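Written below as C-alpha cells is the structure these notes are about.
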Amino acid sequence: MAKKVKNDPGLEAADLTSRRTLIGGIIAAVVTVAGGVTVAIINKGCNAAPSPTQMFTGRVFNKNNPSEKVRNAQVSMEGEGVPPLATTDSEGIFSFPLGDPNKEIRLRIEVSGYEPYDLRVVPARNHGTQPIPLTPKTDTKADLSGTVLDEHDQPIPGAKVTLEDFPGMPAVTTSTDGVFNLREIPRKYGEGVRVRVVAEGYRPNPYTEDVVLGKAPPRVKLRKGK
C-alpha cells in the first residue's frame, strides 16, 4: 500500500503567493504596454503637422494701365453689408484663407474711383495669383460741352439742351454766351449721342445733331423764325 504524503501548509502558501505575484506582474506589464501604446497614439495625433491652409490671392490693377496697382481696395464676399475679407496693399495684392477650395466663391472688389468688380471663381481651379482689372469710373461717364449760335454767330442764351438717348436726364440751359455743359453722361468717350436743342423763336425747333463724345465740341447754328 502506497504511503500517503502529507502536504506542508507552509509550502502551499508560499507557492500560492509566488503564483499571485507572477500573475500580478504579467497584468502590470500588459497594462503598461497598453498605456504606452495609447499615449504614443495620442502623442502622434497631437504632434501631427496640421494640414496647410490654402490661401486665395489676387492682384488688383487699372484695366487701362496694368502697371498701375490699385491699393486700399476692399475685398468682400458678394452681398449687402458684408464686412471685407481683405484690403489690397501698395502692390494691389490681397489674400485670405479658404474653407473649401473646391467651392465657388463670389467676391466683390470696391474702391473709390473705380467701378465695382464682381468675381466668381473656384479656387481649386485657379493657379497662382488671380488678376482683377478694375475700370476707372471716368471710362464709363463723359461730359459734353457745346455752343448754340444764331445765323450771325451770336450766342443764343436760354436754349434747352437734352440728349435723346437719355430722356430721363435733366435738361441744361445755355448761358449768356450760348454755352451748355452736360455732365456725367452714362457713355464712354468715343461713343455717340444725339443732342436735342430747343430755342424759342428759332428754327429748326427742335434741332438734333449726332456727336461723338470727346471729339470737337458741337457748334449748333439756328436761325430766327417760327
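Observations, loosely collected:
- Using the Cβ of Gly178 as centre and a radius below 10 Å, the other residues enclosed give a net charge of -2, where K and R count +1 and D and E count -1.
- Net charge of Cβ neighbours under 13 Å - reference Phe94; Lys, Arg +1; Asp, Glu -1: +1
- Each peptide in 216-222, 150-156 gets a packing score, the mean of other Cβ atoms within 10 Å over its residues, and the list from highest to lowest is 216-222, 150-156.
- Label point at Asn102 placed 7 Å out along Cα→Cβ; residues across the range 118-150 whose backbone nitrogen lies under 13 Å: 123-125
- The range 141-224: translational diffusion in µm²/s, Stokes-Einstein, Kirkwood Rh over Cα pairs, 25 °C, 0.890 mPa s: 194
- Long pairs among Lys160/Lys224; Lys69/Lys215; Lys141/Lys215; Lys69/Lys141, criterion Cα-Cα beyond 18 Å: Lys69/Lys215; Lys69/Lys141
- Applying both filters, DSSP loop and at most 15 other Cβ atoms within 10 Å, to the trypsin sites (Lys or Arg not before Pro) of the range 165-204 gives Lys188.
Just so you know, all these numbers are worked out from the coordinates, no wet-lab data involved. Values in this document were obtained by computation on a predicted structure and should not be read as measured data. All Cβ positions, glycine included, derive from the backbone under ideal geometry; neighbour counts span all protein chains shown.
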